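Colleague: To start, I am sharing the structure in question, which I have written as structure tokens.
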Amino acid sequence: MVSRRAFVGVCLKEFGLFVEFPSNDHTTQAQIFRDSMALIDAAEESGSEGVWLAEYHFDPGRSVLSAPVTVAGAVAARTEKVKIGLAVHVLPLRNPFQIAEEIATLDHLSEGRLDFGIGRSAFPRIYQGYGFDYMESRDRFDECLEIILKSWTAEDSRSRVISTNTMTFVWCPSRCRNLIHRSG
């Protein structure tokens, strides 16, 4: 069992694990995923409050974790108690309607254990890789967040009407409004 006391004797209210799925030259990507998932299993077994998953793109020397929502689904399936955090989901790189559906679905699969960390990244090369202008990232972030929040808070609990597009979303309970943790 992992102690919840820091070495200086301060009692920690919550203890979690930030997992990057780090790359190295001597291990296959498949092994990195197995090793990182084993670390997450150990966090669950030791009583950790949560695991936070990084998101990296175009940086194979640092991490293989470019699809944290997919990995979070696997974590939800293999754990029962540990909270699952995304640290951070880079909103401007994706379609906000897809994000809203994926996160709502993941919240259901994890039975409410999801913490949705959001941000826009400080690395312009990521935007170049996706064909977006980094200078537009703040506006894209704000627009994505607005659409996601509207999709989760519309009056009808079964379908959402956003802008001029009629979309049917996976319903996200009221707790979705409390999922978001905004960085920077």
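The values are calculated or read from the model by the stated rules, or taken from the named source; none is laboratory data. Source: prediction; values computed, not measured. Every residue, glycine as well, gets a Cβ built from its backbone with ideal geometry; the counts of neighbours run over all protein chains shown.
Colleague: Please work out if Glu102 is of a type in the set (D, E, K, R) and either over 29 Å from Ser46 (Cβ atoms) or without any contact (Cβ under 8 Å) to a residue 24 or more places away in the chain (or both). Working first, answer last.
Modeller: Values: of a type in the set (D, E, K, R): yes; either over 29 Å from Ser46 (Cβ atoms) or without any contact (Cβ under 8 Å) to a residue 24 or more places away in the chain (or both): no.
When the stated conditions are applied, Glu102 does not pass them.
Colleague: Please state which one of Ile118, Ile180 is at pLDDT below 75 and either surrounded by 15 or more Cβ atoms within 10 Å (Cβ to Cβ) or in contact with a helix residue (DSSP H, G or I) (Cβ under 6 Å, 6 or more places away or on another chain) (or both).
Modeller: Ile180
Colleague: Please go through the stretch 60-69 and give me each residue that is touching a Phe, Trp or Tyr at 6+ places or on another chain (Cβ under 8 Å) and surrounded by 15 or more Cβ atoms within 10 Å (Cβ to Cβ), ordered by number.
Modeller: Scanning the stretch 60-69 gives Ser63, Val64, Leu65, Ser66.
Colleague: Conditions first: (1) closer than 26 Å to Arg140 by Cβ; (2) surrounded by 20 or more Cβ atoms within 10 Å (Cβ to Cβ); (3) not charged (D, E, K, R). Val75 passes all but one, so which condition is the exception?
Modeller: Result: Val75 passes all but (1).
Colleague: Can you find, within the stretch 78-98, the residue that is nearest to Glu49 (Cα to Cα) among those that are out of contact with any strand residue (DSSP E or B) (no Cβ under 7 Å at 6 or more places or on another chain) and crowded, with 18+ Cβ neighbours inside 10 Å?
Modeller: Result: Thr79.
Colleague: Quick one: would you say Leu114 is within 28 Å of Arg62 (Cα to Cα), in contact (Cβ under 8 Å) with a residue 40 or more places away in the chain and in contact with a Leu (Cβ under 8 Å, 6 or more places away or on another chain)?
Modeller: So Leu114 fits the description; yes.
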